[in-house]
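Below is one structure; the comments refer to it alone.
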């Protein structure tokens, strides 16, 4: 196994500029390339076709990975994440989670609830990758702004006499958060911040 890792490193250290970035960023780039190739191979097996990749396509994917993982920020493709991750609402861990229970108060169709939980999972992965690579400030900015949006939305709803769980959710996710690079992160962080473990700045669609 050590020899395999050494071979991978020898083939990737120039491709991903090992000497020019933080080692955690370099390791993430290598990991994402291996994940990409693994997923493509599994898709080929599923479709009963041989796996092949052109040099141009390989280099384009490597460039995309490098652009999405830098010392300043880490990006994560939502479409690829969603393709490789599914949510089962019957799983006990999901059914017992505060995120799920809070979304139930919003009285939404199962498909929409699943979509919100997928975005929460996506944000959790995005958050973990940024923390792992020491790009923590964007996460702090996203979460502080999200909580401020929640407070603003809730107070306005109370003033208007229209404070319901669904309205809290809708109004919070629709407020601008310039630190979130896509709408999936903006939605996902809102659900993430309803979790049990997050006591500081915790969000509730329905007060407990």
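Could you pull out the residue among 73, 29 that is in contact (Cβ under 8 Å) with a residue 60 or more places away in the chain, outside the structural domain of residue 136 (by TED's automatic domain parsing) and within 27 Å of residue 127 (Cβ to Cβ)?
Values: 29 fails: in contact (Cβ under 8 Å) with a residue 60 or more places away in the chain.
On inspection, the qualifying residue turns out to be 73.
Looking at region 10-33, which of its residues are part of a helix (DSSP H, G or I), at pLDDT below 85 and in contact with a helix residue (DSSP H, G or I) (Cβ under 8 Å, 6 or more places away or on another chain)?
Within region 10-33, 24, 28, 32 meet the criteria.
Is at least one residue of region 164-173 in a helix (DSSP H, G or I), more than 14 Å from the chain's Cα centre (by Cα), at pLDDT 95 or above and more than 17 Å from residue 206 (Cβ to Cβ)? Step through it out loud before you land on a result.
Keep residues of region 164-173 that are in a helix (DSSP H, G or I), which gives 165-173.
Those still in the list that are more than 14 Å from the chain's Cα centre (by Cα) too: 165-173.
Among the residues that remain, those that are also at pLDDT 95 or above are: 165-173.
If we keep only those that are more than 17 Å from residue 206 (Cβ to Cβ) too, we end up with none.
Looking through region 164-173, none of the residues is in a helix (DSSP H, G or I), more than 14 Å from the chain's Cα centre (by Cα), at pLDDT 95 or above and more than 17 Å from residue 206 (Cβ to Cβ).
Being outside the structural domain of residue 129 (by TED's automatic domain parsing) and assigned to a helix (DSSP H, G or I): is that true of residue 57 here? Steps first, answer last, please.
Details: outside the structural domain of residue 129 (by TED's automatic domain parsing): yes; assigned to a helix (DSSP H, G or I): yes.
Judged against the criteria, residue 57 is a match.
Within region 46-66, take every residue that is without any contact (Cβ under 8 Å) to a residue 24 or more places away in the chain and surrounded by 11 or more Cβ atoms within 10 Å (Cβ to Cβ) and give me the one that is nearest to the chain's Cα centre (by Cα).
The initial filter retains those residues of region 46-66 that are without any contact (Cβ under 8 Å) to a residue 24 or more places away in the chain, namely 46-60, 63-64.
Restricting the remaining residues to those that are surrounded by 11 or more Cβ atoms within 10 Å (Cβ to Cβ) gives 51, 53, 57-60, 63-64.
On the way: 51: 28, 53: 27, 57: 25, 58: 24, 59: 25, 60: 22, 63: 20, 64: 17 Å.
Filtering first and then ranking leaves 64.
Could you figure out which of (1) part of a loop (DSSP other than H, G, I, E, B); (2) at pLDDT 90 or above; (3) under 13 Å from the mean Cα position of the chain (by Cα) isn't true of residue 76?
Only one criterion is unmet by residue 76, namely (2).
Can you tell me how many residues in region 136-146 are surrounded by 18 or more Cβ atoms within 10 Å (Cβ to Cβ) and either over 13 Å from residue 178 (Cα atoms) or at pLDDT 95 or above (or both)?
First pass over region 136-146, keeping only residues surrounded by 18 or more Cβ atoms within 10 Å (Cβ to Cβ): 138-139, 142-143, 145-146.
Of the ones still in play, those that are also either over 13 Å from residue 178 (Cα atoms) or at pLDDT 95 or above (or both) are 142-143, 145-146.
Total satisfying the criteria: 4.
Output the number of residues of region 106-146 satisfying the condition of being over 17 Å from residue 170 (Cβ atoms), assigned to a helix (DSSP H, G or I) and either free of Cβ contacts under 8 Å to residues at least 24 places away in the same chain or out of contact with any strand residue (DSSP E or B) (no Cβ under 8 Å at 6 or more places or on another chain) (or both). Before you say what the answer is, go through the steps one by one.
First, pick out the residues of region 106-146 that are over 17 Å from residue 170 (Cβ atoms): 110, 114, 118, 121-145.
Checking the rest, the ones that are also assigned to a helix (DSSP H, G or I) come to 110, 114, 118, 121-132, 137-145.
Then drop every residue that is not either free of Cβ contacts under 8 Å to residues at least 24 places away in the same chain or out of contact with any strand residue (DSSP E or B) (no Cβ under 8 Å at 6 or more places or on another chain) (or both), which leaves 110, 114, 118, 121-125, 127-128, 131-132, 137-145.
Matching residues across region 106-146 total 21.
Please tell me if residue 18 is at negative phi, surrounded by 13 or more Cβ atoms within 10 Å (Cβ to Cβ), more than 23 Å from the chain's Cα centre (by Cα) and not assigned by TED's automatic domain parsing to the domain that holds residue 182.
Details: at negative phi: yes; surrounded by 13 or more Cβ atoms within 10 Å (Cβ to Cβ): yes; more than 23 Å from the chain's Cα centre (by Cα): yes; not assigned by TED's automatic domain parsing to the domain that holds residue 182: yes.
Against the criterion (at negative phi, surrounded by 13 or more Cβ atoms within 10 Å (Cβ to Cβ), more than 23 Å from the chain's Cα centre (by Cα) and not assigned by TED's automatic domain parsing to the domain that holds residue 182), residue 18 qualifies.
Does residue 110 count as modelled with pLDDT of 85 or more and outside the structural domain of residue 166 (by TED's automatic domain parsing)? It would help to see each step written out before you state the result.
Details: modelled with pLDDT of 85 or more: yes; outside the structural domain of residue 166 (by TED's automatic domain parsing): no.
No: the conditions fail for residue 110.
Among what's in region 86-105 and is in contact (Cβ under 8 Å) with a residue 40 or more places away in the chain and assigned to a loop (DSSP other than H, G, I, E, B), pick the residue that is nearest to the chain's Cα centre (by Cα).
Only one residue fits best here, namely 97.
The values are calculated or read from the model by the stated rules, or taken from the named source; none is laboratory data. If you're wondering where the values come from, they're calculated on a predicted model, not measured in any experiment. So basically every Cβ, Gly included, is an ideal-geometry build from the backbone, and we count neighbours across all protein chains shown.
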